[in-house]
Each structure stands twice: as C-alpha cells, then as structure tokens.
C-alpha cells in the first residue's frame, strides 16, 4: 500500500509569514524576553537574565492560528510535566490579553502567556512560521529551534534528564538504594511517562549483568541437593522476575541470578508501561491532598489519569465525584476521548501496520474519518511512525498505551459527568470491552486490516 495518499499530511501545519530578522541559531545568546503584559505570571516580568539557571521554552503562537491551537495541549503538558524539574514555559503572542484570556480560561491553560502586540520579542526571534518553539538552556543560550512536536527531547536534554525507557528503569531501581521517597517518586514518575508496552526486557537484563558473568566466569553455582527435573520447574513470569529483581537490586549476589533468568527467559516485548503504572500506583496512591490540589488548579485531565492509575481510596474518589467543575469538564470531553481512542486504533491497526483499505472509496472514507493534521515518517520515508492527534504526536510504540488511556478517561468521565462513583475495579475489563466494540465497528466499515506485502 503506497503512502502517497497520506503524504499531504506529512507537514505539521505551519502558518507562514515574512520574517525580516535572522532566526536565532543554536549556541548563540538568546534575544531579550520582553512582553507588554503577562497572563498566568506573578511578580516581576521574566527576562533572560532572571531565568538563568532554568531551561526556558518559548512557544510563539496565536488564537488565530489553527496549528498553534492544536499544539497548545502538548505545550501545557510540557509545562505541567517539567515545571518542577526546572522548565519555564512562556507562550508569546502578538494578541492582546483581552483576546487571549477567554481562550486560556476555556481550556484551563495555566502556562505563562506573554502579550507582545508591538512585536518587540517576535521580531528579534524572526518568527516566520506559527507555531515556532525555541528552547533556551540554563545559561540563556539558544539550545533548539523547531516545532512543538520536537521540543520535548530538547527540553529533556537541556535539563539533563534521562529519556530512554531502559535508562529510566535503571534510574528507578537505583533510586531504591536510598530511603529518599521524593527521589524514588521522581524516578518512577519519569518511567511512567516514557515506558513503552513493547520493551526489550531481555536486552536490558543482559546489559546489567556483571562483566565476569557475561564472560561465563561468574555464573552462580548450582543449588546443592536433589536436582529438580527441568520439566517440573515452571519459569516465573517476567513481571514477577522484574519485581524480585527490584527487591534485590541492592544485593548483587541475589540480583545477578535474577538478571540471568530475565536475560534467558525474559520477554523481548515486555509491557514496561503497565509495570510502571502499577508500581507507581501501589507505591504512591493518590491521596486527598493531591486530588484537592489538582482540582484547585483545574488539572482535570491529570485527575482522571491519577484516578485511573494510582489506586485511590473511596474517600478520595468521593472528592472527585462531588466536584462540579470536574463533572462539567467530563461532560464536555467524554465524546472527544472516545474519538481519540478510535483514531488511535485506526492508526495502530491500519496505518502503522501498512494495512490501509485497498478499495479507493473506503480508503478515502478512512482518511476522512481519521482526519489527522500531521504525521511522522520513518527515516527511510517508507512507513508512518507517528500521527498528530489532539495536539500531540502519538508514536507507533505508544499506540496501545494511548488507546487505553483515552478509553479509561472516557469511562471515568462518563461516570463522573453523571455524578456516579468511578468504576475503578472494573476499569480494565470495561476498557477491553469498549476497545473490542470499536474494532468490530471499524472492521465492519473498512474491512479487517490486512498488511500490504509488496510482490
């Protein structure tokens, strides 16, 4: 199946305008940060000098710009995710505060926003395409110039954060060596954010074996006593081995045999995302103080994710159930969540699998319903590895988690929007039922996905 029908979506959608100044280049000092007025900001106006020591993300946007509006949920997520880790997000527009304030309130955006009607900042930064994202390092130098969709990696690099699932799994296990709960929570939360459902646990385990063990010199001695027939020994599930490995991480003598087992029999497509969420929920269950703070800040999406993943007690759920603003948010967003889940499945089962409908009319209807505004291609340009949904890039490897998250949100929003107690205990089963129903409907309309094989 050719990708040509979708190539018109390969751009992320920029609104182009003439730019007279020369765009800042990576490594040079950043032009001044200046705006006529600020929203969602307290105290003295931010400047390059006052923000030194923090990483700064400048998002040039406008309510008039469709691609900018679609990108804003992702920028808000970066603000929420990295603010306490040293990031300051500043969204800059040439619109007036009166124009922007209703938009920010309607969408519960809490990132700082600057109004620059005289373009005292927009012109020196040579903004010729909207949106444009520029990241400044801790010294006030330009570290990255790009779009909202490639900014997170630059932010992580500037903050000095580990980003890969393998490194973050190790970071979490290393955090268990000390009793410091904040460090453990930070490491585990990072793992939740970046873990994938198809993690190569075997390769990770082999990479952490002592050098002498890998060379065959440090293999643990056989157990003393009557040997147990191999057929009678049932291998432990990889998730159990990983949990035991975490418990023994501080003891190399106990850890190494478990790593050997994972290296020999561990899964090459292990659901690290599920492991991370479950571990985080058990170690740091959502409490009343946290949910009240999230509700006060109107972080409704974060509330739903926390309810889904972090084992809240009945008293905590009752707080959410009684919040009128959360109920209103849920009513307004439930259909959107189900639509996003359906689009995620369309991408996962048809697009990413190179199984687009071969009938031209069905293919056209499929494209129209999916209706993406951008996508990412593999390096060889032969396959689609990400699509732009809801202002964020959904990568192929995160499709399963994305669909599950959207369906979990939809079910919880249906409950909370109707004033009912969230069905936490049945959530997993309900998600699978809804997923199956959506897939059945899609297959009825577009046929079962059949990967195209070139002859």
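General remarks:
- From least to most packed, judged by other beta carbons within 10 angstrom and beginning with the fewest, 172, 109 follow the order 109, 172.
- Peptides ranked, highest mean first, by Cβ atoms within 10 Å: ranges 53-59, 145-151, 205-211: 53-59, 145-151, 205-211
- With the convex hull of its Cα atoms as the shape, the chain has an orientation-averaged projected area of 27.4 nm².
- Once the C-beta distance of residue 23 and residue 69 is scaled by a Förster radius of 30 Å, the resulting FRET efficiency is 0.85 to the nearest 0.05.
- Peptide packing: for 88-96, 403-411, the average count of neighbouring Cβ atoms within 10 Å per residue gives the ranking 403-411, 88-96, highest mean first.
- Stretchable slack from residue 332 to residue 377, in nm (0.36 nm times residue separation minus alpha-carbon distance): 12.9 nm
- Modelled label positions at residue 138 and residue 385, each set 7 Å beyond Cα in the direction of Cβ, lie 3.0 nm from each other.
- Annotation: the antiparallel percentage among DSSP beta bridges lying fully within the chain is about 70.
- Beyond 12 Å, the tail of the calculated P(r) for region 96-147 holds 74 percent of the Cα pairs.
- Rotationally averaged projected area of region 308-455 (alpha carbon convex hull; nm²): 10.2 nm²
- Angle in degrees between helix 272-283 and the longest Cα principal axis of the chain, rounded to the nearest 10: 90 degrees
- Listed peptides 362-371, 60-69 appear in the order 60-69, 362-371 once ranked by packing, highest mean of other Cβ atoms within 10 Å at the front.
- Approximate spin-label separation residue 119-residue 49, in nm, with each point projected 7 Å along Cα-to-Cβ: 2.8 nm
- Cα→Cβ-extended label distance, 7 Å offset, between residue 203 and residue 106, nm: 4.5 nm
- Between 0 and 90°, nearest 10: helix 324-346 axis offset from the chain longest Cα axis: 70 degrees
- Degrees, to the nearest 10: 66-82 long Cα axis against longest axis of the chain: 50 degrees
- Theoretical gain in end-to-end length, residue 126 to residue 448 [0.36 nm per residue, Cα-Cα removed]: 111.1 nm
- Residue 183/residue 153 FRET efficiency (R0 25 Å; Cβ-Cβ; nearest 0.05): 0.60
- The residues 41, 249, when put in order of fewest to most other Cβ atoms within 10 Å, stand as 41, 249.
- Gyration tensor (alpha-carbon) shape descriptor, region 63-187, a/c threshold 1.5: prolate
Values in this text are rule-based calculations from the coordinates and carry no lab data. Everything numeric in this text was worked out from a predicted model, so none of it was measured. Note that we place each Cβ from the backbone using ideal geometry, even for glycine, and neighbour counts take in every protein chain shown.
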